[in-house]
Amino acid sequence: MASRLQLKLTGDNARLGELYASDIARLIDGVERAIGRAAAQLVGRAPGTPGRLPNAAANAARLRLADIGEGSLVLQFEPPAAPSIPETSEQGLLDLDDSDLGESAVRVVMDVLSGSETGFTEAAAALSQLAEDLDIGERYDALAFSQPGEMPHEAVLDRSARERLSAVAQRRTRHDDEGTLVGILYEADFEKSSAHLRTPLGSSVTVHFGDDYAQAIKEALRESSQLQGRITYNVATSAIVSVDLTDIALTEQLVVPSIGEFWATKSLEELAEAQGVGVVESIEALRDDTISDEEADAFIAALAL
């Protein structure tokens, strides 16, 4: 049976009654993401591989809440029993013995926190994002990981670990000086001057903004918006990680026609008028001057016009 994983969030804001419920969700989601990334690499998935995690890795990251302690937030989780890592795993970084995948991935995450991030950059990047989301070192003092038992294991995500992990994550990214993103803004944190953008493809992008844009962000929440700014990409996957905002505008919402309007038949003239374009009277008007007469004749012949 896998040993329990205990998480303790410390600081004045970590007391029950002061703690943001959204931060509990960020904490759990961030820890599971880090464990999932570590588990995926342990079963042989190369860092930076796009797409869903392997099923074994996804299952290994599904922690079960076992207990909640008083005072500063203390959560205890039981990693699920997961299939043993195959002996043919491409990774030779850990002596896995008969440990299950969930247990091994938790150990990797704690080792990364302790300074052994080499080889597990995706887990390091996930922990870096967790530190940013919780604002470790500012809003909260630290997030301590521990596994009690005969051989207890401990690791701490504090300000110094946040800085070290951020440097690791930055080595995995590149920047474009200017770019444009479209999506739905949500989860704005005006104390941290950050928000999230849900793109049309369903991915989440962190938005950093200055005080001058706070009111515009507030007005744009849960609306379709167009953002412009300095975009950061993941080098391995080309996925957008974040944007430093320089401009924002609400995008025009499409009007959904009624069922009757959708199926109504319109003439070519009516369609042209609705689009503000003229009707082409002759195919010759569409001729491209860069092609020869023979090519134009052959094209028109093929259209049987």
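The values are calculated or read from the model by the stated rules, or taken from the named source; none is laboratory data. Nothing here was measured: the structure is a model prediction, and the numbers come from that model. Here the Cβ positions follow ideal geometry from the backbone for every residue, glycine too, while neighbour counts run over all protein chains shown. We work out accessible area using only protein heavy atoms, side chains counted, and drop any ligands, DNA or RNA first. Shrake-Rupley method; radii C 1.70, N 1.55, O 1.52, S 1.80 Å.
Of everything in the stretch 1-42 that is aliphatic (A, V, I, L, M) and assigned to a loop (DSSP other than H, G, I, E, B), the residue that is nearest to Gln129 (Cα to Cα) is Leu19.
Every condition in (1) modelled with pLDDT under 75; (2) surrounded by fewer than 17 Cβ atoms within 10 Å (Cβ to Cβ); (3) under 17 Å from Ala155 (Cβ atoms) is met by Pro79 except one, and the failing one is (2). In the stretch 204-220, the residues that are in a loop (DSSP other than H, G, I, E, B) form Cβ pairs under 6 Å with partners that are surrounded by 19 or more Cβ atoms within 10 Å (Cβ to Cβ), at six or more places apart or across chains, as follows: Phe209/Ile217; Phe209/Leu245. Here is the figure for the stretch 114-128: residues that are within 19 Å of Arg45 (Cβ to Cβ) and either open to solvent by less than 40 Å² (accessible area, probe 1.4 Å) or assigned to a helix (DSSP H, G or I) (or both) total 10.
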